[in-house]
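Novice: Quick one: the structure is below, and I'll ask about it shortly.
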Amino acid sequence: MFKTYIRNDQKLYFFTILLVITIMTMGVLIKNHLMADLGIGFLFHLSIVVIISVSLLLYPKYGTHSFRTIIIIEAFIYFYTIFILYPETWSNFIFLCFIPAVAIMFFDSKLFHFSLFINSILIAITFGFIALFDHGNLYTYIKQDLVGNVFNYVGSQALIYFIFYLTNLRVKKQELYYEQIKQAERLKTAGQLAAAVAHEIRNPVTVVKGFLQLYEQDSQFNDAIKSQFTLMIDELNTAESVVSQFLSIAKPDENLNIESVNLKVVLQSVTDLLNSYGLLNNNNIKLEIKEDCYIAANKIELKQLLINIIKNAIEASEIGDSVIVTGGKKEDIVEIQVIDHGHGMSDTEIECLGTPFYSLKSKGTGLGMMICYNIAAKYKGTIEIQSAIDEGTTVTICFPSRN
């Protein structure tokens, strides 16, 4: 179904582009007074139509920001060319006003503001030329009401910006909706896997673990063999932990008590717990929270979320680095930040966080971050991650404040 949608979308694009190319070609060839002498003006007009046509046809294959910028520049050249070559055609001025609208179709905010800025400069130069040098000889329809045309231009730019703002807002909402769908699919996938295999794995693991614990206490085995039993039991405990994480995703406990949790107390408890873990690599945790902030949540799940995030920050840090944990209230939002100066992540790695079995750690399962996202969403919170390679990571967790 998705492939069919893409094919239909491409068909619509090429149909529209062919229509645009046809109109531009007709503008060059039909009743064009410059065509009689085949001068530089006509040849330049024809050349820019050919260049734009090729660019628009190639765009689906090379849809980069640079390629979009080239198309916008070509649009500037095209519309200002016909404005200069055909001054008697008053409608050309309307096209100049709406050049930035081309950038809206690319859903590129930077490109839109760039085209809006450049067009304002070019229009100012154009009006200056008409007022100071042309004196209404070529552009009578503009000179007769220069002030009115200036207001018309400003009004058209305001209209275009309003359209861009609404379009951009809708695109952002769609992106957010798409991210929510992806997260829901991740949880659904993990839940289906958990329901299918968790109990079947846990039962034989429990049996094997029980026998190993018996052998560990048996005097017939020497200390060397018992140490191997201990190692196997530790690995089985790890396996049980993964299964438990699966079950917590597949069947979250909706009956947990929701209470008014003092963030200052919880953060102090979690950092005290993890300080000893950080000291293994000489990493200390700096907690910065001065005021009491309250969140409506289950204390155990909130601690689980914070432990996962802070533990990840410690593991990402270099030896001797500090992890900074801050908490505070901003209007009706309680904000927690966990900052490390470790390896950092690329945008692609950040996007994949929370995906089952995707982890940047050698022994990670990817389920820890999935559970964190799940807990945050459960209490109407959000988790945002900002990171750069070799510069560190900042995780921002927000919850509605409970007064």
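The values are calculated or read from the model by the stated rules, or taken from the named source; none is laboratory data. Keep in mind that this is a model prediction, so the values were computed, not measured. In this analysis, Cβ positions are derived from the backbone assuming ideal geometry, glycine residues included, and neighbour counts consider all displayed protein chains. For the accessible areas, the whole protein counts, side chains as well, though only heavy atoms, and no ligand, DNA or RNA atoms are used. Shrake-Rupley method; radii C 1.70, N 1.55, O 1.52, S 1.80 Å.
Residue-by-condition table, conditions (1) of a type outside the set (Lys, Arg); (2) at pLDDT below 65; (3) outside any helix (DSSP H, G or I); (4) touching a Gly at 6+ places or on another chain (Cβ under 7 Å):
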{"site": "196", "(1), (2), (3), (4)": "yes, yes, no, no"}
{"site": "201", "(1), (2), (3), (4)": "yes, no, no, no"}
{"site": "216", "(1), (2), (3), (4)": "yes, no, no, no"}
{"site": "221", "(1), (2), (3), (4)": "yes, no, yes, no"}
{"site": "243", "(1), (2), (3), (4)": "yes, no, no, no"}
{"site": "248", "(1), (2), (3), (4)": "yes, yes, no, no"}
{"site": "261", "(1), (2), (3), (4)": "yes, no, yes, no"}
{"site": "273", "(1), (2), (3), (4)": "yes, no, no, no"}
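Novice: Quick one: would you say residue 76 is open to solvent by less than 60 Å² (accessible area, probe 1.4 Å), over 18 Å from residue 138 (Cβ atoms), at pLDDT 85 or above and of a type in the set (Phe, Trp, Tyr)? Talk me through it step by step, then tell me what you get.
Specialist: On the way: open to solvent by less than 60 Å² (accessible area, probe 1.4 Å): yes; over 18 Å from residue 138 (Cβ atoms): yes; at pLDDT 85 or above: yes; of a type in the set (Phe, Trp, Tyr): yes.
Taking the combined requirement at face value, the residue satisfies it.
Novice: Another question, then. Is it true that some residue in the stretch 93-106 is closer than 18 Å to residue 156 by Cα, part of a loop (DSSP other than H, G, I, E, B) and aromatic (Phe, Trp, Tyr)? Break it down stepwise before answering.
Specialist: Initially, the stretch 93-106 is screened for residues closer than 18 Å to residue 156 by Cα, giving 93-105.
Now restrict to residues that are part of a loop (DSSP other than H, G, I, E, B): 98-100, 105.
Imposing the further condition that a residue be aromatic (Phe, Trp, Tyr) reduces the set to 98.
Within the stretch 93-106 (the criterion being closer than 18 Å to residue 156 by Cα, part of a loop (DSSP other than H, G, I, E, B) and aromatic (Phe, Trp, Tyr)), the answer is yes, since at least one residue qualifies.
Novice: Ok, one more. Please name all residue pairs, on different chains or six or more residues apart, with Cβ atoms under 7 Å, provided the first residue is in the stretch 161-181 and is closer than 22 Å to residue 351 by Cβ and the second residue is outside any helix (DSSP H, G or I) and of a type in the set (A, V, I, L, M, F, W, C).
Specialist: Sorted first by the residue in the stretch 161-181, then by its partner, the pairs are 171/107.
Novice: Look through 397, 350, 389, 383 and report the one residue that is at pLDDT 85 or above and under 15 Å from the mean Cα position of the chain (by Cα).
Specialist: Numbers: 397 fails: under 15 Å from the mean Cα position of the chain (by Cα); 350 fails: at pLDDT 85 or above; 389 fails: under 15 Å from the mean Cα position of the chain (by Cα).
Unique residue meeting the criteria: 383.
Novice: Could you say which residue among 18, 56 is part of a helix (DSSP H, G or I) and either open to solvent by less than 40 Å² (accessible area, probe 1.4 Å) or at positive phi (or both)?
Specialist: Values: 18 fails: either open to solvent by less than 40 Å² (accessible area, probe 1.4 Å) or at positive phi (or both).
Exactly one of 18, 56 is part of a helix (DSSP H, G or I) and either open to solvent by less than 40 Å² (accessible area, probe 1.4 Å) or at positive phi (or both), namely 56.
Novice: Suppose we filter the stretch 288-311 for residues that are open to solvent by less than 50 Å² (accessible area, probe 1.4 Å), modelled with pLDDT of 85 or more, not β-branched (Val, Ile, Thr) and not in a loop (DSSP other than H, G, I, E, B); how many remain?
Specialist: 6
Novice: So, in the stretch 21-46, exactly how many residues are closer than 20 Å to residue 71 by Cβ and surrounded by 12 or more Cβ atoms within 10 Å (Cβ to Cβ)? Steps first, please.
Specialist: Of all residues in the stretch 21-46, those closer than 20 Å to residue 71 by Cβ come to 21-25, 27-28, 44-46.
When the remaining residues are screened for being surrounded by 12 or more Cβ atoms within 10 Å (Cβ to Cβ), the result is 21, 24-25, 27-28, 44-46.
Adding up the residues that qualify gives 8.
Novice: If you take the residues of the stretch 109-145 that are among the aliphatic types (A, V, I, L, M) and over 19 Å from residue 95 (Cβ atoms), which of them is nearest to the chain's Cα centre (by Cα)?
Specialist: Within the stretch 109-145, the subset among the aliphatic types (A, V, I, L, M) is 111, 116, 118, 121-125, 130-132, 138, 142.
Keeping just the survivors that are over 19 Å from residue 95 (Cβ atoms) gives 131-132.
On the way: 131: 47, 132: 48 Å.
Checked the stretch 109-145; the qualifying residue nearest to the chain's Cα centre (by Cα) is 131.
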